[in-house]
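A short worksheet on the structure shown next.
The values are calculated or read from the model by the stated rules, or taken from the named source; none is laboratory data. Note that the structure is a prediction, hence the values are computed from the model and not measured. As a convention, Cβ positions derive from the backbone with ideal geometry for all residues, glycine included, and neighbour counts pool all protein chains shown. Note: accessible area is taken over every heavy atom of the protein model, side chains too, but ligands, DNA and RNA are not part of it. Shrake-Rupley method; radii C 1.70, N 1.55, O 1.52, S 1.80 Å.
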Amino acid sequence: MDIFEAIKKRKSIRGYKHKEVEEDKIKKIMDFARLAPSASNRQEWRFIVVKDKDKRKALSKAAKNQSFVEEAPVVIACCAETDNHVMACGQLCYPIDVAIAIDHIALCAVSLGLGTCWVGAFYEDEAKMILSVPEEIRIVELIALGYPEDGTVSLKERLPLEDIVFKEDWGKAYYK
Ligand SMILES: Cc1cc2nc3c(=O)[nH]c(=O)nc-3n(C[C@H](O)[C@H](O)[C@H](O)COP(=O)(O)O)c2cc1C
């Protein structure tokens with residue numbers, strides 16, 4: 001599957017088959033997350049692969065009872081071991097860098113026949129307790145991973161290019 005197809009196929013999966021994810025697939029996904037770019041190559045990302053049913057159940061509760069978090073055979077806690085470096089542009093590095101790695105995870109998963117869903121609606125303090133994460137480490141997102149249940153459709157509701165791409169100056173449409 002090429003990158004264009006993977007991007008088109010990726011969608012948020014909130015229903016998973018009761019099927020384990022093979023270790024070689026998890027390793028491949030994590031290895032491609034590792035290849036993501038990061039500001040000054042800081043690589044502040046750290047990942048906790050969670051398969052334990054009780055932990056997934058607890059994470060689901062921490063994620064405002066989003067049931068697919070428990071249902072997915074794997075949940076990856078995407079963390080940052082960070083010194084909170086801020087770039088000249090004023091943006092914190094770590095949420096951006098971790099997010100890029102997560103997108104690698106999501107796209108690799110699709111190309112391996114798997115599905116993912118980002119989970120930002122979770123209480124970090126609760127998730128940290130469940131996964132024994134030290135205070136100074138941040139959990140940026142949780143990612144559910146598994147084989148998608150059949151029959152999920154993607155609507156891909158997105159703004160048109162005309163509304164989001166400007167030419168030379170803010171507000172002048174590039175595409176008309
Ligand atoms: C940073 C971030 C946080 C998200 N948090 C959640 C979440 O907590 N629960 C959920 O069901 N979906 C979550 N999503 C998925 C979005 O709702 C989804 O990506 C969006 O509606 C577009 O749909 P698509 O992924 O199928 O293209 C999150 C996505 C991102 C990028």
Original post:
Under 5 Å between amide H atoms, partner at least 5 residues away or on a different chain: which partners does residue 46 have, H built in plane at 1.01 Å?
Top reply: 79, 80, 81
Subject >> region 1-26-region 125-149 distance, computed between alpha-carbon centres (Å) >> reply: 19
Subject >> Residue-span extension gain [residue 20 to residue 129] - 0.36 nm each, minus C-alpha spacing >> reply: 36.7 nm
Original post:
Carbon and sulfur: what percent of region 3-164's accessible surface (1.4 Å probe)?
Top reply: 53
**OP:** Return the loop-located trypsin sites (Lys or Arg not before Pro) in region 1-92 (DSSP other than H, G, I, E, B) with at most 16 other Cβ atoms within 10 Å of their own Cβ; answer none if there are none.
**Re:** 17, 19, 42, 51, 64
**OP:** Show the residues, 5+ positions off or on another chain, whose built amide H is closer than 5 Å to the amide H of residue 12.
**Re:** none
Original post:
With the other protein chains left in place, how much accessible area per residue, in square angstrom, belongs to the chain at a 1.4 angstrom probe?
Top reply: 61
**OP:** Write down the radius of gyration of region 3-164 and its Dmax, each obtained from C-alpha positions, in Å.
**Re:** 15.8, 47
Original post:
Between residue 2 and residue 34, what is the spin-label point distance in nm, taking each point 7 Å from the Cα along the Cα→C-beta axis?
Top reply: 2.8
Original post:
So what is the 222 nm mean residue ellipticity for the chain from helices alone, if each DSSP H run of at least 4 adds -39500 (n - 2.57) and you divide by all residues, rounding to the nearest 500 deg cm²/dmol?
Top reply: -10000 deg cm²/dmol
**OP:** Please find, in a Gaussian network model of the chain (springs between Cα atoms separated by less than 10 Å), the residue of 147, 94, 123 whose mean-square fluctuation is greatest.
**Re:** 123
Subject >> Summed side-chain charge close to residue 70 - residues other than residue 70 whose Cβ falls under 9 Å, Lys, Arg +1, Asp, Glu -1 >> reply: +3
**OP:** Taking 7 Å along the Cα-to-C-beta vector as the label spot, tell me the residue 166-residue 86 distance in nanometres, rounded to one decimal.
**Re:** 2.3
Subject >> ³J(HN,Hα) computed for each position of region 120-125 - Karplus, 6.51 cos²θ - 1.76 cosθ + 1.60, integer Hz, glycine/proline x >> reply: x, 7, 8, 8, 4, 4
